[in-house]
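Q: Right, I'll just put the structure down here and ask away after.
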Amino acid sequence: MSPLEAGFPELPRRLAAADPGWSETTDVLVVGSGIAGLTAALHLREQGLHVTVVTKVNIDDGSTRWAQGGIAAVLDPLDTPQAHAHDTEIAGVGLCDPVAVRVLVEEGPARVRELIRRGAAFDRHPDGSLMLTREGGHRADRIVHAGGDATGAEVQRALHEAVRRDPWIRLVEHALVLDLLRSAGGRACGLTLHVLGEGSEDGVGAILSRAVVLATGGMGQVYSSTTNPSVSTGDGVALALRAGATVTDVEFVQFHPTSFMSAAVTSVQRPLISEALRGEGAHLVDEAGKRFMVGQHELAELAPRDVVAKGIHRVLRATGADHVYLDTRHLGAEFLEHRFPTIVASTRAAGVDPATDLIPVAPAAHYASGGVRTDLAGRTSIPGLYACGEVACTGVHGANRLASNSLLEGLVFAKRIADDIARDLPGQADPVSPVAGPAWVADPEVRPDLQRAMTRGAGVLRSAGSLDTAAAELSRLAGRRATPRNAAWEATNLLTVAAALVAAAQTRRETRGCHWREDHPTAADEWRGHLLHGLDRAGRLSQRFEEMA
């Protein structure tokens, strides 16, 4: 039974929580401290606005710092934006918005140079030119990287330092956002949130603002195995749904082909084995040592991620194994230690030496190509509410994100959001209107059951039967309620985004990009479009299909 059908419990339109015991005001409230959120904050400050940045744990605990590969941008004189756009649209399998893609590839190089001016130190050749590498789906070397395989950490460091230097950017750490505040006219005018140690005993308060920017990252924790950190619980998408915003393309969850499979890794988050290794010549092999991607795609191991993930799963199904191998031995210890120090250190710590051993790998949930629907200025369907980064769906990624386009998207659309807010910011925050609708929170103990149900039923391989089973389990879990606290709010967010994801995956009866339906194994022209979701006033999921123009 679909979550859209009768019998599925109504989702909350707001999270059960204490009334705010404190409040403060700001011009613009940015939620999230990764590349999208911090870049937006810095651009908003350049517009002369007072900015408050709210982050869930510490400023460096989001997904940005885990990015290994780099940022894709046309920085080689022999490369072109048109070639970058072509590769992006091929990876997106017919669902990319070509105008959004053009914005990304044409404005991207300037945003990367801007990041360099802010202090990000990318790897360079002895003559001072940027080192560029290649990843899956790219037909040119256009990936800038830092520290070999520590690009995200370097980007996070540079942006973090720039934000810390600005006294007009207030940073609120250890803050879990709860619900959007809206005016009587429907405009976003702030958020409720829980901050450890703030104000009243339970820490619930409100920040009022003239605009809100969601940059909360992804939802990888909806699965049992992910490259995402523990904070990636779909908070922004769930908040937007409860507020009445439109989300789209949530069925397109990209599974990174090569997460590290080791008994030494016991958490839901699995170490990423960067695609850049394959860009430098590493090979995927099965237990017999055979390169199984050769002949499946013209780019073999450097095919788009959905193609490689599917290729690995075919091997796993045929052999009954839980992993394949990445062979890096021919690259040599000296090269590996210099180019990929982070990966070498993490695998050696688990007893695997990439210079002498095969690296066991398997797909893990990595990136949500869909999210809160925005236009080219980052505006959502709610006035005053913006979204950028992984929480947003700008139309750039289509059915499958091209490698290393995510950090670039955060840079490009954060700047566009800041420009639009500066043009269209009201003179003062509107009065808050009470939010109506059901309010409850899920039992935090449902989280591991939810993750298992989503992995089995709505993971890399999907079918009508597996999705129906997942929907039934979500329905059962939604009936388990709890008292308000951080773990319960996170579990409710996971349940909300999981319900939307399963509903979309059930409806889309085709295989396209990173949505793989075993019972509908090919792409179909009638599904060349987007599934849009919302919550009605009673908390029921709604859905409509919008064909591509």
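The values are calculated or read from the model by the stated rules, or taken from the named source; none is laboratory data. Keep in mind it's a predicted model, so treat the numbers as computed, not measured. No Cβ is skipped: glycine too gets one built from the backbone with ideal geometry, and neighbour counts run over all protein chains shown.
Q: From (1) of a type in the set (A, V, I, L, M); (2) surrounded by 15 or more Cβ atoms within 10 Å (Cβ to Cβ); (3) in contact (Cβ under 8 Å) with a residue 24 or more places away in the chain, pick out the condition that doesn't hold for Met131.
A: Of the numbered conditions (1) of a type in the set (A, V, I, L, M); (2) surrounded by 15 or more Cβ atoms within 10 Å (Cβ to Cβ); (3) in contact (Cβ under 8 Å) with a residue 24 or more places away in the chain, the odd one out for Met131 is (3).
Q: Sticking with this one: Yes or no: region 371-390 includes at least one residue that is touching a helix residue (DSSP H, G or I) at 6+ places or on another chain (Cβ under 6 Å) and under 19 Å from Leu11 (Cα atoms).
A: For region 371-390, residues touching a helix residue (DSSP H, G or I) at 6+ places or on another chain (Cβ under 6 Å) and under 19 Å from Leu11 (Cα atoms): present.
Q: Quick one: in region 505-549, which of the residues that are of a type in the set (D, E, K, R) and closer than 30 Å to Pro438 by Cα is surrounded by the most Cβ atoms within 10 Å (Cβ to Cβ)?
A: Per the criteria, the residue is Arg508.
Q: Would you say Gly289 is in a loop (DSSP other than H, G, I, E, B) and assigned by TED's automatic domain parsing to the domain that holds Ile343? Please lay out each step first, then the result.
A: On the way: in a loop (DSSP other than H, G, I, E, B): yes; assigned by TED's automatic domain parsing to the domain that holds Ile343: yes.
When the stated conditions are applied, Gly289 passes them.
Q: Among the residues of region 311-328, is any of a type in the set (Val, Ile, Thr) and surrounded by fewer than 21 Cβ atoms within 10 Å (Cβ to Cβ)?
A: yes
Q: Which is hydrophobic (A, V, I, L, M, F, W, C) and within 24 Å of Gln254 (Cα to Cα), of Ala478, Ala471, Ala538?
A: Result of the check over Ala478, Ala471, Ala538: Ala471.
Q: Give just the number: which of (1) closer than 23 Å to Gly281 by Cβ; (2) outside any helix (DSSP H, G or I); (3) out of contact with any Pro (no Cβ under 7 Å at 6 or more places or on another chain) does Leu376 not satisfy?
A: Of everything listed in (1) closer than 23 Å to Gly281 by Cβ; (2) outside any helix (DSSP H, G or I); (3) out of contact with any Pro (no Cβ under 7 Å at 6 or more places or on another chain), Leu376 misses just condition (1).
Q: Of the numbered conditions (1) in a helix (DSSP H, G or I); (2) out of contact with any Phe, Trp or Tyr (no Cβ under 9 Å at 6 or more places or on another chain); (3) buried (at least 16 other Cβ atoms within 10 Å of the Cβ), Leu104 satisfies every one except a single condition; which is it?
A: Going through (1) in a helix (DSSP H, G or I); (2) out of contact with any Phe, Trp or Tyr (no Cβ under 9 Å at 6 or more places or on another chain); (3) buried (at least 16 other Cβ atoms within 10 Å of the Cβ) one by one, Leu104 breaks only (2).
Q: Next up: Among the listed residues Ala487, Ala482, identify the single one that is more than 22 Å from the chain's Cα centre (by Cα), touching a residue at least 40 places away in the same chain (Cβ under 8 Å) and in the same structural domain as Trp516 (by TED's automatic domain parsing).
A: Only one candidate passes the filter, namely Ala482.
Q: Taking the stated definitions as given, is Thr319 at pLDDT 95 or above and not hydrophobic (A, V, I, L, M, F, W, C)?
A: no
Q: Further question on the same structure: Determine, yes or no, whether Thr258 is crowded, with 24+ Cβ neighbours inside 10 Å, modelled with pLDDT under 95, out of contact with any Phe, Trp or Tyr (no Cβ under 8 Å at 6 or more places or on another chain) and among the hydroxyl-bearing types (Ser, Thr, Tyr).
A: Considered against the rule, which asks whether it is crowded, with 24+ Cβ neighbours inside 10 Å, modelled with pLDDT under 95, out of contact with any Phe, Trp or Tyr (no Cβ under 8 Å at 6 or more places or on another chain) and among the hydroxyl-bearing types (Ser, Thr, Tyr), Thr258 comes out as yes.
Q: Only residues that are touching a residue at least 24 places away in the same chain (Cβ under 8 Å) and either more than 21 Å from Val307 (Cβ to Cβ) or assigned by TED's automatic domain parsing to the domain that holds Glu510 (or both): list them for region 264-275, please.
A: Ala264, Val265, Ser267, Val268, Gln269, Pro271
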